[in-house]
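A quick write-up on the structure given underneath.
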Amino acid sequence: MKRTFMARWVLVAVAACAYAVYVPAAGQEEATATDGAEAASADVESAPKAKKEKFFYPLLRCRIVEGCSARILKPRTTEWVSAEEGRFYPLGSKVQVEAAVGADCRAEFAFGEKAAVIVTNTAEFSTKEIAIGEAARTLIIGSGCIRLDLPRTLPEGMFSVGAPFFSCSNLAGESVFDYSATGDGDEVVVRCVTGSISLEGRHYRIEKMGVAHQIRIRTTGDDLFTSLRGESGDCAVILDQGLVSQKNFETGDITDVPKTLTFSLSPQCAIKIFRAKSEVGGRTVVSTMTFNPAGEMMNRCAFAENRSNINSGELVIAPIVPETDKEKAKASEDDSEEVENVEAKPEEGAGDSEAGDDEKKKKSEDSDI
């Protein structure tokens, strides 16, 4: 009995010792785990946040001037200065590049590390002055052939191109603008080499020009005529067709809504837009026509700006259906039958001449009698 009692006390003592050793160890593990979580959270918070990619410099940098002379007119100044490689110039400056005779011309001005305008001939362009902190950039074309090399990942609305009679937005990738003044206006060839371009002019717009798309735009100086001609690729051009009245059958309300026509500007296809000022009211009257590669008119409409009651609607030209081989063969048979009938028919006056001979003969006999 005494041994049994001692054995129980020994077991109780061992259990108490084991519990005393386990409790601090478990607490230490829990504290270690908590400290690790807090440290990990602190590391996440203290880690530097991912920086947004900077596409542009704050200023315009002259990167290369070879085989040409380049000069710059800074904003609110009247004196031109020679462009120096490596120097930065304020946005809003005007740039003129003049190619040297017999030399390979190349002038490069950088908007950013991967965004540049490249000139390989005599050309002129300017940049748009921006507010502090503004991210977007704008290039204004003056003359000559200008190439833009922009990042393919450039977000929409970050870069645009301006000209007197059209504008481009959402540029990305590589594009070329060959701009020249004509005797009564201007002409530009817009080519999208890679990436995309959105182009807009008066009474027309192209939501997206893709790779290898090229069009030619000509506008008169008075802005009364614009022609677009496709030279490469198929561009979907959205043409204005004025306002039309639309009735809501549920409420009975009548509202004016804009109407458009989407035309595929393929190579050799053309769009012609004529404008004129009406004598009454002074509103602009617009006439739009589209032509296929063969020069045949495909669409035609006329309207007055902001007037739904002056709108001709779509004037569809009935296509000329070519004759089939059977129809051509039948037409040739009919022609041959008509010729045979004409040959078989006696000549006019032949019968009359014979009757006249008989009458003369009879008169001769009567005279003999």
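Is it true that some residue in region 230-238 is assigned to a strand (DSSP E or B), in contact with a strand residue (DSSP E or B) (Cβ under 6 Å, 6 or more places away or on another chain) and under 27 Å from R106 (Cα atoms)? Scanning region 230-238 turns up at least one residue that is assigned to a strand (DSSP E or B), in contact with a strand residue (DSSP E or B) (Cβ under 6 Å, 6 or more places away or on another chain) and under 27 Å from R106 (Cα atoms).
Scanning region 173-186 for residues that are modelled with pLDDT under 95 and assigned to a strand (DSSP E or B) returns S180, A181, T182, G185, D186. Residues in region 192-207: is at least one modelled with pLDDT of 95 or more, of a type in the set (A, V, I, L, M) and under 21 Å from T290 (Cα atoms)? Yes: one or more hits.
Residues in region 263-296 that are surrounded by fewer than 14 Cβ atoms within 10 Å (Cβ to Cβ) and among the charged types (D, E, K, R) were compared, and the one that is modelled with the lowest pLDDT is E279. Among the candidates E250, E296, E305, E231, the residue that is out of contact with any helix residue (DSSP H, G or I) (no Cβ under 8 Å at 6 or more places or on another chain), without any contact (Cβ under 8 Å) to a residue 12 or more places away in the chain and among the acidic types (D, E) is uniquely E250. K259 meets the stated requirement of being basic (K, R) and surrounded by 16 or more Cβ atoms within 10 Å (Cβ to Cβ).
Could you please let me know if A115 is in contact (Cβ under 8 Å) with a residue 60 or more places away in the chain and closer than 22 Å to F159 by Cα? Yes: the conditions hold for A115. The residue list G157, G142, G92 contains one member that is touching a strand residue (DSSP E or B) at 6+ places or on another chain (Cβ under 7 Å) and in a strand (DSSP E or B), which is G142. Candidates E79, E85: the one that is out of contact with any strand residue (DSSP E or B) (no Cβ under 6 Å at 6 or more places or on another chain), free of Cβ contacts under 8 Å to residues at least 24 places away in the same chain and surrounded by fewer than 20 Cβ atoms within 10 Å (Cβ to Cβ) is E79.
The values are calculated or read from the model by the stated rules, or taken from the named source; none is laboratory data. These figures come from a predicted structure and were not determined experimentally. FYI the Cβ positions are ideal-geometry reconstructions off the backbone, even for glycines, and counts take in every protein chain you see.
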